[in-house]
Amino acid sequence: MSPNININISSDASPSPLERGGVRLVVLGAGESGVGAAYLAQKQGYDVFVSDFGAIADNYKKQLQEWNISFEENQHTEAAILDAVEVIKSPGIPEKAPIIKKIREKGIAVISEIEFAGRYTDAKIIGITGSNGKTTTTSLTYHILKNAGLNVGLAGNIGKSFAYQVATEKFDLYVLELSSFMLDDMYQFKADIAVLLNITPDHLDRYDYKLENYAASKFRITQNQTVDDVFIYCADDPETIKGMADRDFEAQQLPFSIQKKIESGAYLDQDNIVINIHQEHFQMSITELALQGKHNIYNSMASGIVAKVLELRNPTIRESMGNFKSIEHRLESVGKISGIRFINDSKATNVNSTWYALESMTTDVILILGGVDKGNDYSMLKDLVRQKVKAIVCLGKDNKRIHEAFEDDVDVIVNTYSAQEAAQVSFHLASKGDTVLLSPACASFDLFKNYEDRGRQFKKAVSEL
């Protein structure tokens, strides 16, 4: 197959990017981040070429064509890629991919979209990472800042491409959700306010199945910080505390905890979140929070600290924390049928996320688990499964490890191979007053495009019951 390189032809056509002879920059992956990076690169005068080993979605292809950016799909043409001065890599492409190995062998720099876009903005950056809760915390932080009247953008692993926004907007601040894959390819980038929510085993298949490698990736959010910057972290998270013991931090440290009093940071005093930073003080009852559950107390604390670092007014913070709407696919209430509640927590792609979901349940549960297992250790779920789960409905191609993990903890474990089948089986297994919880603890790529697709198919299936 020949490269699908788009060159607009007209009577006064200018030379294509391949012919211009500028500094060659290659973008691997033509999703949201890749296409946004290509646009910013072109705007900065680079000779841009986009290459995707799979098919490019029609909406992104249309954008590349409109911008007259050269691209190919369903292949990587080495000759067009290996003469690049720099490569911007999609976070979904692993280091073991053959084209990445060849790029590394040639000594070509590989960076993330976030690293690239960071060069072209003077905006203050709030970077948020963690194994669990980062989308919720990023969304809540953005909500608080936006409601306070700040000129703020939302990007990273959520919303529109950071690079595209840098090219087209003039925000004073950005709230960025940063995954470990993004952080791996960031070098000069600096977060003015860095938030590390927690570190639990996730994506270990990308980190040689070593938690310390994954933790090192998460701690990259603090790189390049100075004494003028802020590092916000969870004082109750053992892996975070363990990782901090081996590292030096120049930034001001502001921890949060629900287990002990914190002098400078956030803590729980009976049923009240308390935030103290220098002379700034904030207090709010956890019963007033829009987001309920222990994990969401942590998320709200982290967002609240960011707000107080930025010296936002207490009434604004309190109002925003009280009226925030939960994000799709994260403990999302789908509806109630015959007294049975259905919850979509498809974004729970690791065991720890599922633990938090189960921990917040107050009824008997039919638990839908399964998908692509990333080296999961299910042992941490066993106590909660014994206490709350009546039956497990497996949703995945290979469910052997789930059966092995829970065969002594529940009486019923059923295999299903579609969202529709999983919803139907769960409905029949449940009784009035029970909750059917889709919280898979696994990635979705065996049966679905992504966790969003899994969640939406589940919601559609529930609506058809």
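The values are calculated or read from the model by the stated rules, or taken from the named source; none is laboratory data. The shown structure was predicted, so the numbers you read here are calculated from the model rather than taken from an experiment. In this analysis, Cβ positions are derived from the backbone assuming ideal geometry, glycine residues included, and neighbour counts consider all displayed protein chains. Keep in mind that these areas ignore ligands, DNA and RNA; they rest on the heavy atoms of the full protein, side chains included. Shrake-Rupley method; radii C 1.70, N 1.55, O 1.52, S 1.80 Å.
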Note: the stretch 88-247 at 37 °C, 0.692 mPa s; Kirkwood Rh on alpha carbon pairs; Stokes-Einstein D in µm²/s works out to 202 µm²/s
In the stretch 227-308, GluC sites (Glu not before Pro) in a DSSP loop with at most 13 other beta-carbon atoms within 10 Å: 250, 263
Can you check what the net charge comes to around residue 167, using other residues whose Cβ is under 13 Å from the Cβ of residue 167 (Lys, Arg +1; Asp, Glu -1)? +2
About its Cα centre, how strong a charge dipole does the stretch 52-105 have in debye, to the nearest 20, once Lys and Arg get +1 and Asp and Glu get -1 at the Cβ? 200 debye
Calculate the dipole size of the stretch 313-454 relative to its Cα centre from +1 charges on Lys and Arg beta carbons and -1 charges on Asp and Glu beta carbons; express the result in debye to the nearest 20. 520 debye
Please report the carbon-and-sulfur percent of the accessible area for the chain; probe 1.4 Å, protein heavy atoms only, DNA, RNA and ligands left out. 46 percent
What net charge do the residues around residue 404 carry, taking every other residue with its C-beta under 14 Å from that of residue 404, with Lys and Arg at +1 and Asp and Glu at -1? -3
In the stretch 308-337, which GluC sites (Glu not before Pro) fall in coil by DSSP and have 16 or fewer other Cβ atoms within 10 Å? 311, 328
Just order 167-177, 24-34, 432-442, 60-70 by mean Cβ neighbour count inside 10 Å, highest at the front, would you? 24-34, 432-442, 167-177, 60-70
Counting heavy atoms of the protein chains only and a 1.4 Å probe, report the per residue accessible area for the chain as a whole number of Å². 43 Å²
24 Å Cα-Cα threshold exceeded, pairs from 102/374; 347/374; 325/432; 160/325; 382/460; 124/308: 102/374; 325/432; 382/460
Net charge within 10 Å of residue 384 by Cβ-Cβ distance, Lys/Arg positive one each and Asp/Glu negative one each, not counting residue 384 itself? 0
Label assignment, Rg/Rh (Cα atoms, Kirkwood Rh) derived from the structure, set (i) 0.98; (ii) 1.01; (iii) 1.54: (i)
I need the helices of the chain that pass two filters: whole DSSP H segments spanning 20 Å or more by Cα along the axis, and mean Kyte-Doolittle score no lower than -1.0. 294-309
Rounded to whole angstrom, the alpha-carbon centroid of the stretch 434-451 lies from that of the stretch 146-196 at a distance of 27 Å
